[in-house]
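Student: Have a look at this one.
The values are calculated or read from the model by the stated rules, or taken from the named source; none is laboratory data. This one's a predicted model, so the numbers in the text were calculated from it and none came from an experiment. Because the Cβ atoms are built from the backbone with ideal geometry, glycine has one as well, and the counts that use them run over all protein chains shown. Heads up: the accessible areas ignore ligands, DNA and RNA and are worked out on the full protein's heavy atoms, side chains in. Shrake-Rupley method; radii C 1.70, N 1.55, O 1.52, S 1.80 Å.
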Amino acid sequence: MLKSSNINSVINEQLAAGQTASDQRNHLNSNKNSTSDHSTCWQGNNPDDLGGSLAAVQLSAGVLQIAEPPLDRVRSQLRELIGKQNKIYIDLSKEKYKLDCSEVAKLNDMMNDVKRYKEKLTRVKREMQGIYQRTKELKKRAANVAACKQRDYQRKLERQQHEESLIGGQKTQ
């Protein structure tokens with residue numbers, strides 16, 4: 001593939017010389033007849049031996065001029081994009097390594113703390129339930145004791161009243 005600068009120079013030389021497409025074809029045909037050894041091979045050493053017309057050369061140069069700048073721009077954008085992608089990949093790898101090394105240890109410590117605190121919470125909950133049950137029983141006992149004392153006090157009052165009525169009944173006789 002020829003560079004666009006080489007093609008441009010060939011086109012300019014041909015235009016300056018005033019060659020026409022038919023002149024160029026005649027020149028190529030005469031070169032083919034004079035060199036019988038290389039009649040089927042293209043040497044590629046001389047830009048005049050392209051085997052096409054001036055229009056074909058100009059067309060290929062025009063296509064290259066049109067297509068090459070966007071392709072170069074796309075290539076540079078791709079290089080830039082690949083560079084950024086590699087940088088992001090490296091950064092992510094570093095972060096993963098940091099997470100793997102230091103954060104995993106911290107995470108394990110936190111998980112152990114959670115486990116320990118859960119066990120403490122379960123123990124405290126069990127103790128509170130035990131205290132609640134004992135308090136409930138004690139309140140029940142206190143209510144029974146209060147009821148017993150009330151009955152005892154009531155009986156004592158009745159006995160006292162009975163005794164007083166007996167004593168008061170004996171004095172009147």
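Student: Along the range 85-97, what does the Karplus equation 6.51 cos²θ - 1.76 cosθ + 1.60 (θ = phi - 60°) give for ³J(HN,Hα), rounded to whole Hz, x for Gly and Pro?
Tutor: 4, 5, 4, 4, 4, 5, 4, 5, 5, 4, 5, 5, 5
Student: Rounded to two decimals, what is Rg over Rh for the range 114-173 when you use alpha-carbon atoms and the Kirkwood radius?
Tutor: 1.62
Student: How many Å² of accessible area per residue for the range 81-173, probe 1.4 Å?
Tutor: Working: 9330 Å² over 93 residues.
Heavy-atom SASA per residue in the range 81-173 reads 100 Å².
Student: In sequence order, what are the phi-derived ³J(HN,Hα) couplings for the range 142-148 according to the Karplus relation 6.51 cos²θ - 1.76 cosθ + 1.60 with θ = phi - 60°, rounded to whole Hz, with x for glycine and proline?
Tutor: Per-residue couplings from phi come out as 4, 5, 5, 4, 5, 5, 5 Hz.
Student: Under a point-charge model restricted to the Cβ atoms of Lys and Arg (+1) and Asp and Glu (-1), what is the dipole moment magnitude of the range 54-112 relative to its Cα centre, in debye to the nearest 20?
Tutor: Dipole size: approximately 80 debye.
Student: Can you give the accessible area of VAL114, probe radius 1.4 Å, in Å² rounded to 10?
Tutor: Its heavy atoms expose roughly 90 Å² to the probe.
Student: Separation between the TYR117 and ALA105 pseudo-spin-labels, each 7 Å from Cα along Cα→Cβ, expressed in nm?
Tutor: With each label placed 7 Å out from Cα toward Cβ, I get 2.2 nm.
Student: Taking +1 at the Cβ of each Lys and Arg and -1 at the Cβ of each Asp and Glu, which of ASN144, VAL114, GLN160 sits farthest along the dipole of the range 105-164 towards its positive end, judged by Cα position relative to the Cα centre?
Tutor: VAL114
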